[in-house]
Amino acid sequence: MPAGSKTDPPLAKAKPISASVITYLRRRKTLRERELLQLERGVRRCKKLCRHQGNLLQVKPKNLAKTLQKLSEEYGPVFTVHLGSDPVVVLHGHDVVKEALVDRADEFAARGHMPIGDRANNGLGIVFSNNEEWLQVRRFALSTLRNFGMGKRSIEERIQDEIEHLLEEINKTKRTPFDPTFMLSCAVSNVICCIVFGKRYDYKDKKFLSLMNNMNNIFQMMNSHWGQLYQMFSKVLDYLPGPHNNIFTEFDALKAFVSEEVKMHQASLDPSSPQDFIDCFLNKMQEEKEHPNSNFHMKNLITSAFDLFIAGTETTSTTVRYGLLLLLKYPKIQEKVQEEIDRVVGRSRRPCVADRTQMPYTDAVVHEIQRFISLIPLALPHTVTKHTRFREYVIPKGTTIFPILSSVLHDSKEFPNPNEFNPGHFLNENGTFRKSEFFMPFSAGKRICPGEGLARMEIFLLIATILQNFTLKPVIDLQELDITPTLSGTGNVPPDYQLCALPR
Ligand code: HEM
C-alpha cells in the first residue's frame, strides 16, 4: 500500500499553484512583469508534470516547521505533504524520528532529494551523496578529521588560538556597536580551514571575507521564499531567470576557491607528510589510481572539501551568533554564566573543554541555545532505498522523508514550555547538568552530523571565552530585541542585530 492513500492530508483544500504563487510574487514585486509571465507559463507546464497541486497554501514558507507541527496535530506523527510535485513523508516527534533514524538506521540512512544540493553537488561529496560513494567518502572524512585532531586536544588548542584573534577583533570595536556576523564566521571558518586547507586567513583578507559573504548569502537564500520555491519547483525554475539562480553563483565562487586550493596543494604535496584533508585525499587518489571505479577522484575531492568548508562554517557560526543574541535578550542568564566562569576558570587562563564538566550552568545554556534555535529544523531530507513498512504505512522507495528535528527539540513532554529560552531544561533540581536524549540538533543515526564533536567544542569555547572577557549589551531596548528567526525553512536564520562588547 503506498504511503499516499492513508497518510495524505486532504489536498482538496489547497488552491491551484499558479494562482497562489503568482499572486504572491506579484504582490511582493520581486519580479518584473515579463519574468512573471514566463513563470506563469512555466507553472502551467509544471501542472502538467504534477500529479497533485501540492499543499503550498497550507505550508507557509515563512515557517515550514511550524506549519508541519500544526499538520501533525491533525494528522499524527507520520503524514504526507506535497511540496510542489513531490510527496514528502513527515516524521514528527521524538518517537518516530528515533524509530526511523536510530532503531532502523540502515533503512533510513539514504539522502533524499534536495534540488539545491543535488544541483550544486551532482551526487558527489558527503552531504548529498548516497550508496558506496557516500559511505567511503564519509568514512574517509571522519577518520581524516580525527587524525587532524577533531575531538582531541590539538584541535582544542587551535580553537583557543583562533579565539585569541577573535578577542582582538572584538577589542578593536572599543565598546561601540557592531554586527558580529563576519567576525564569528571568520573565527569558526578558520578552524575548519586549518583542517581542510592547512591554513587560517586574516579577518581583513578580502578574498576570505567575500567567501564568508558567499556562505552567509547561501544560508539566507536557501531559507528565503525563493529558496523554498526552488525546492518545490526546481523542474520549472531551472529554466527561468530570477533570484533563485543567484544561489548557484555563490556556490560557484566557493567551488572556484576550493579548486584553486586543491591545485596549490597538488603542486606542493609531500606524500610522506600530508598536512591537511586535501593532502590526505590526494594521497588516497594516488593509492587508488589503478581502480577504475574509485570514489577518490578530483571532482569528489573538490566537492568533499567544499562540503566540509561550508558545513563547518555556516552552521556553527550562526549558532554562536544566535546564542549571543539570546544572551543579550536574557542578561540575567549572561550574568549567571559569567559568575560560573569566574568561579571555575577565573580570568588568568582561557576556558578549556575539561572545564565543561565543572560548569553545568554554562553547559546547560549552550545546550539550550542549540535546542531553542533548532538551527536545522527539518534536518536534511532522507529517503528509503526500497519500499519500507513503517508503522501502519508503506513508504515507497525514493520518497523524500523529513525527520523534523525541531519537533524533538521542542517536545513539551521533555521540555516544559518548549518555546521559552530556559537553561533549566538541561538542569536537575540540584543544579547538575541533565542529559536528554531529545537533544538532537545534529540529527541521529547513520547521517548524524560528522562535525558534531568539533562544533560542540567550538560553541562552548567561543561562548565561554567571549563572556569571560566581555559583557554583551544590546544597542536597543530589551523589549524591542527580536529573537524570532527572520527566515525559517531548512534552517532558522536569526535576525540581524548589533551589540556592544564591554571589556570586563
Ligand atoms: C552547530 C553546528 C552544526 C549543526 C547544528 C549541524 C547539523 C547537521 C545536521 C542536522 C545534519 C544533517 C543530518 C541528517 O542528514 O540527518 C548535518 C550533516 C552534516 N554536517 Fe553538520 N552541523 C553542524 C556543524 C558541522 C561541522 C562543524 C561540520 C564539519 C566538520 C559539519 C559537517 C557536516 C556534514 C559533512 C554533513 C553531512 C553528513 C552526511 O550526509 O553523511 N557540520 N549537520
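The values are calculated or read from the model by the stated rules, or taken from the named source; none is laboratory data. This one's a predicted model, so the numbers in the text were calculated from it and none came from an experiment. No Cβ is skipped: glycine too gets one built from the backbone with ideal geometry, and neighbour counts run over all protein chains shown. SASA here: full protein model, heavy atoms, side chains in, ligands and nucleic acids out. Shrake-Rupley method; radii C 1.70, N 1.55, O 1.52, S 1.80 Å.
Overview of values
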{"read-out": "Residue list for the stretch 451-460, filter: open to solvent by less than 40 Å² (accessible area, probe 1.4 Å) and near the ligand (Cβ under 8 Å from one of its atoms)", "value": "G451, L454, A455, E458, I459"}
{"read-out": "Qualifying residue in the stretch 133-146 (condition: part of a loop (DSSP other than H, G, I, E, B), without any contact (Cβ under 8 Å) to a residue 24 or more places away in the chain and within 16 Å of the ligand (Cβ to nearest atom))", "value": "no"}
{"read-out": "1 or more residues within 16 Å of the ligand (Cβ to nearest atom) and closer than 17 Å to N469 by Cα: qualifying helices (runs of 4 or more DSSP H) within the stretch 263-365", "value": "298-329"}
{"read-out": "Hits in the stretch 461-493 - residues which are modelled with pLDDT of 95 or more, buried (at least 21 other Cβ atoms within 10 Å of the Cβ) and within 30 Å of L380 (Cβ to Cβ)", "value": "L461, L462, I463, A464, I466"}
{"read-out": "Members of the stretch 80-119 found to be more than 21 Å from P441 (Cα to Cα) and assigned to a helix (DSSP H, G or I), listed by number", "value": "P115, I116, D118, R119"}
{"read-out": "Given (1) touching a residue at least 40 places away in the same chain (Cβ under 8 Å); (2) open to solvent by 40 Å² or more (accessible area, probe 1.4 Å); (3) in contact with a strand residue (DSSP E or B) (Cβ under 6 Å, 6 or more places away or on another chain); (4) more than 16 Å from the ligand (Cβ to nearest atom), number of the condition F433 does not satisfy", "value": "(3)"}
{"read-out": "Checking T490 against (1) away from the ligand (no atom under 15 Å from the Cβ); (2) of a type in the set (S, T, N, Q); (3) not in a helix (DSSP H, G or I), the condition it does not meet", "value": "(1)"}
{"read-out": "Filter result for I459 (touching a Pro at 6+ places or on another chain (Cβ under 8 Å) and within 27 Å of I341 (Cα to Cα))", "value": "no"}
{"read-out": "Selection from the stretch 133-163 of residues that are open to solvent by 70 Å² or more (accessible area, probe 1.4 Å) and under 26 Å from D205 (Cβ atoms)", "value": "E157, R158, D161"}
{"read-out": "The listed residue being open to solvent by 30 Å² or more (accessible area, probe 1.4 Å) and on the phi > 0 side of the Ramachandran plot, out of G123, G76, G84, G93", "value": "G123"}
{"read-out": "Failed item, numbered, when A501 is tested on (1) within 14 Å of the chain's Cα centre (by Cα); (2) away from the ligand (no atom under 16 Å from the Cβ)", "value": "(1)"}
{"read-out": "Within the stretch 387-434, tally of residues that are closer than 24 Å to G76 by Cβ and assigned to a loop (DSSP other than H, G, I, E, B)", "value": "17"}
